[in-house]
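Below is one structure, written out as structure tokens, with a few remarks after it.
The values are calculated or read from the model by the stated rules, or taken from the named source; none is laboratory data. The model shown is predicted, which means the values in this text are computed figures rather than measured ones. Using ideal geometry, Cβ is built from the backbone for each residue, glycine included, and neighbour counts are taken over all protein chains shown. Side chains are part of the model used for accessible areas, which takes the heavy atoms of the whole protein and leaves out ligands, DNA and RNA. Shrake-Rupley method; radii C 1.70, N 1.55, O 1.52, S 1.80 Å.
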Amino acid sequence: MIKKLIFVFLAVFFSVQVFASFILIPMDAVTQKEHLKAYGITYWSLSKKHKVQWLLNYKGGSFLLEDDQATRNECTVRGVTFEVVSDAKAAQILAFIASPSQNMEAVLLEKAPKIAVYSPKDKMPWDDAVTMVLKYAEIPFDVIYDEEILQDKLLLYEWLHLHHEDFTGQYGKFYAAFRTYPWYINEKKEAEALATKLGFAKVSQEKLAVAKKIRDFVIGGGFMFAMCSATDSFDIALAADGVDICESMFDGDPSEANYQEKLDFSKTFAFQNFKLERSPLVYEFSSIDMTGKRKIPRTSDYFTLMNFSAKWDPIPTMLCQNHTAVIKGFMGQTTAFDPNTIKPNVLVMGTCKLNGEARYIHGVKGKGMWTFYGGHDPEDYSHRVGDPKTELELHPTSPGYRLILNNVLFPAAKKKKQKT
């Protein structure tokens, strides 16, 4: 039986050309010292048209790459721990993973996804965790913004990240604390000028048009990842389509009467039955966010990844690959999600049970998929305006950042129908 399994796995993996050996990149907590750069090596290998196996739940979600000298050199230069294994050893590993007694699965990665980051062009890399980790892992990406999206440039990409944007046209709800600061005044003027240039009377209308283009990108088969305020403000904008929820300091006229009752939750991706924060002086969008409801000391602030069946539920298993199931918490304008506002068809992948909150959620929209991750920076607990940037060289094994990179590689996986 073992010999038969070995033959089957060799036949599958060597469908184009037989290789004498493989490169195994272990992703466990003990062996690997550069978890984040390991994703970059995997992406690099895919970009060279090599096939990669993602070994779900095997040594922390290891990668099995085709072996050549160039790949070995890249691993060495980037400081990524690797092991050269023979074809027979690789077949034994795959046979072990395939055993029904193991909650493991080998997923074939076929193509390096083309990546876009939705962000203002003048934002510094440390303003956004995804931009930082893509740069650290040496994964290439393009920065696009409203003009490109409204020109349907999203059709060029498979994966889109939403920078910490406010899609409601309320300038991040920074009015109370920062309305007299030069950067706030300048950003407001720039947003208004861009909206006018693109043919919109208000920033809120322009941002809604962008949100709807992004929605269509996902429905058409794209993958969208968002963090912090981009998560709830995106859904709020969709729910408020055609409804003025902005006060006069944001758009020059009062909000619409009874706008809460006019929200359409059928248009959102993740959230429903939420209450909007009406006051422009409160740094909050809605009841979706748990930031103001948290009473957790920093020393106890952790969230736990859910354990899925790798063979039956490979999608959430991929998205949760890590060398630990317990991730230290971190704050943001949108820190976490109130479960009472999450739609029943949304998959919760990470929870802080101590505070009854969801931190990491995933769903399907049309032919595409999306993931929302609460918080601003996994290695900066209470990131504030003006704080120094995170140096990822000090956090090369960050499990919080690994969740971001799981989403980056996810579109490369050969699609299998979900079994549950």
- [ ] Kindly list the number of the only condition in (1) closer than 21 Å to residue 376 by Cβ; (2) open to solvent by 10 Å² or more (accessible area, probe 1.4 Å) that fails for residue 198.
- [x] (1)
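So that you can scan it fast, the table gives a plain yes or no per residue for (1) within 19 Å of residue 97 (Cβ to Cβ); (2) over 16 Å from the mean Cα position of the chain (by Cα); (3) of a type in the set (Lys, Arg):
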| residue | (1), (2), (3) |
| --- | --- |
| 309 | yes, yes, no |
| 315 | yes, no, no |
| 319 | yes, no, no |
| 327 | no, no, no |
Task: Check on residue 308, within 30 Å of residue 175 (Cβ to Cβ) and of a type in the set (A, V, I, L, M, F, W, C) - done: no
Task: Residue that is over 26 Å from residue 127 (Cβ atoms), aliphatic (A, V, I, L, M) and open to solvent by 20 Å² or more (accessible area, probe 1.4 Å), where the choices are 394, 347 - done: 347
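I'm trying to understand the selection: among the residues of region 241-274, which are in a loop (DSSP other than H, G, I, E, B) and either polar (S, T, N, Q) or free of Cβ contacts under 8 Å to residues at least 24 places away in the same chain (or both)?
Residues satisfying the conditions are 242, 243, 253, 254, 255, 256, 257, 258, 268, 272, 273.
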TODO: Please state which one of 76, 42 is assigned to a helix (DSSP H, G or I), among the polar types (S, T, N, Q) and buried (at least 22 other Cβ atoms within 10 Å of the Cβ).
DONE: 42
Open item on the list: I'd like the residue in region 317-336 that is of a type in the set (A, V, I, L, M) and modelled with pLDDT of 95 or more and, out of all such residues, is most open to solvent (accessible area, probe 1.4 Å).
Closed with: 326
- [ ] Answer yes or no as to whether residue 296 is open to solvent by less than 50 Å² (accessible area, probe 1.4 Å), of a type in the set (A, V, I, L, M, F, W, C) and modelled with pLDDT under 95.
- [x] yes
Open item on the list: Among the residues in region 353-373, are any farther than 26 Å from residue 55 by Cα, touching an Asp or Glu at 6+ places or on another chain (Cβ under 7 Å) and modelled with pLDDT under 95?
Closed with: no
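Step by step: first the residues of region 101-152, then only those that are polar (S, T, N, Q) and in a loop (DSSP other than H, G, I, E, B), then the one that is least open to solvent (accessible area, probe 1.4 Å). Which residue is that?
Checking each candidate, the answer is 119.
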TODO: Scan region 240-274 for residues that are in contact with a Ser or Thr (Cβ under 7 Å, 6 or more places away or on another chain) and surrounded by fewer than 17 Cβ atoms within 10 Å (Cβ to Cβ) and jot them down.
DONE: 254, 273
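For region 79-90, how many residues are hydrophobic (A, V, I, L, M, F, W, C) and open to solvent by 40 Å² or more (accessible area, probe 1.4 Å)?
Here the count works out to 3.
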Task: Those residues of region 355-393 which are under 20 Å from the mean Cα position of the chain (by Cα), in a loop (DSSP other than H, G, I, E, B), closer than 28 Å to residue 137 by Cα and of a type in the set (D, E, K, R), in sequence order - done: 377, 379, 380, 389, 391
Open item on the list: For the structure I just gave you, tell me whether residue 217 is touching a strand residue (DSSP E or B) at 6+ places or on another chain (Cβ under 9 Å) and either in a loop (DSSP other than H, G, I, E, B) or open to solvent by less than 20 Å² (accessible area, probe 1.4 Å) (or both).
Closed with: no
Open item on the list: Restricting to region 156-165, name every residue that is open to solvent by 10 Å² or more (accessible area, probe 1.4 Å) and modelled with pLDDT of 95 or more.
Closed with: 156, 157, 158
Open item on the list: Against the conditions (1) closer than 30 Å to residue 309 by Cβ; (2) out of contact with any Leu (no Cβ under 7 Å at 6 or more places or on another chain); (3) of a type in the set (A, V, I, L, M, F, W, C), where does residue 84 fall short? Just the number, please.
Closed with: (1)
Open item on the list: Give me the residue from region 61-70 that is crowded, with 21+ Cβ neighbours inside 10 Å and touching a Lys or Arg at 6+ places or on another chain (Cβ under 9 Å) and, out of that set, farthest from residue 397 (Cα to Cα).
Closed with: 65
